[in-house]
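What follows is calculated from the coordinates using simple rules that are stated; it is not laboratory data. On a predicted model such as this, the values are computed, not experimentally measured, just so you know. FYI the Cβ positions are ideal-geometry reconstructions off the backbone, even for glycines, and counts take in every protein chain you see.
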Amino acid sequence: MIYEQPKNLTIEQLSKVLKAIPELKAWIASVEDYALGIAQAGTEVPGFELGTTRSSRVWTDETKVIKVLEDKGIDPDKYLPRSLLSVAQMEKMLGKSEFNNLLAQEVGQTTGNPKLVQKA
């Protein structure tokens, strides 16, 4: 399949493509899901094979890990990190009124990344 380079599209073509993106993404996801399903059921999809995503190591029993480290005398501050609750978690814990009285002045807002959105 050959697609036109974005810089070669007219503004009208660019607008049409942008409007179609959500539908195309949904269709692509359904194609991927379907292909994965038939491949898992034993159908060979030419040029593709079943693989796995990247795996990560995880604790099989965190309680046992903590017990082993405690028994070894290792300081819990080294393996049980403490961190400040998020703004939403803190507000939930304190309640809106107390949160606003104590901490509202300490809340900032991050700037989102630019995104082109369709006009309503």
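Quick look at the numbers
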quantity	calculated
Candidate values (i) 62, 48, 25; (ii) 39, 30, 25; (iii) 50, 40, 29, label of the one derived for Cα extents along the principal axes in Å	(i)
Chymotrypsin sites (Phe, Trp or Tyr not before Pro) lying in DSSP loop within segment 8-115, provided at most 12 other Cβ fall within 10 Å	PHE48, TRP59, TYR79
Assigned charges on the beta-carbon of Lys, Arg, Asp, Glu; the chain dipole about Cα centre (debye)	360
In Hz, Karplus ³J(HN,Hα) per residue of segment 103-119 (6.51, -1.76, 1.60; θ = phi - 60°; x = Gly, Pro)	10, 3, 6, 9, 9, x, 10, 6, 9, x, 6, x, 8, 7, 10, 6, 5
On Cα atoms only, tilt of 62-71 relative to the major axis of the chain in degrees	40
Per-pair calculated FRET efficiency, R0 = 30 Å: LEU69 and ASN113 via Cβ, rounded to 0.05	0.15
The chain: angle of helix 11-40 to the longest principal axis, Cα-based, in degrees nearest 10	70
Net charge of neighbours whose Cβ lies under 15 Å from the Cβ of ALA35, counting Lys and Arg as +1 and Asp and Glu as -1	-4
Most positive-pole-ward Cα, GLY95, PRO81, LEU36, against dipole of the chain from beta carbon charges	GLY95
Gain upon complete extension [ILE28, LYS7; 0.36 nm per residue less C-alpha separation]	5.2 nm
Residue order, fewest to most beta carbons within 10 Å, for THR110, THR43	THR110, THR43
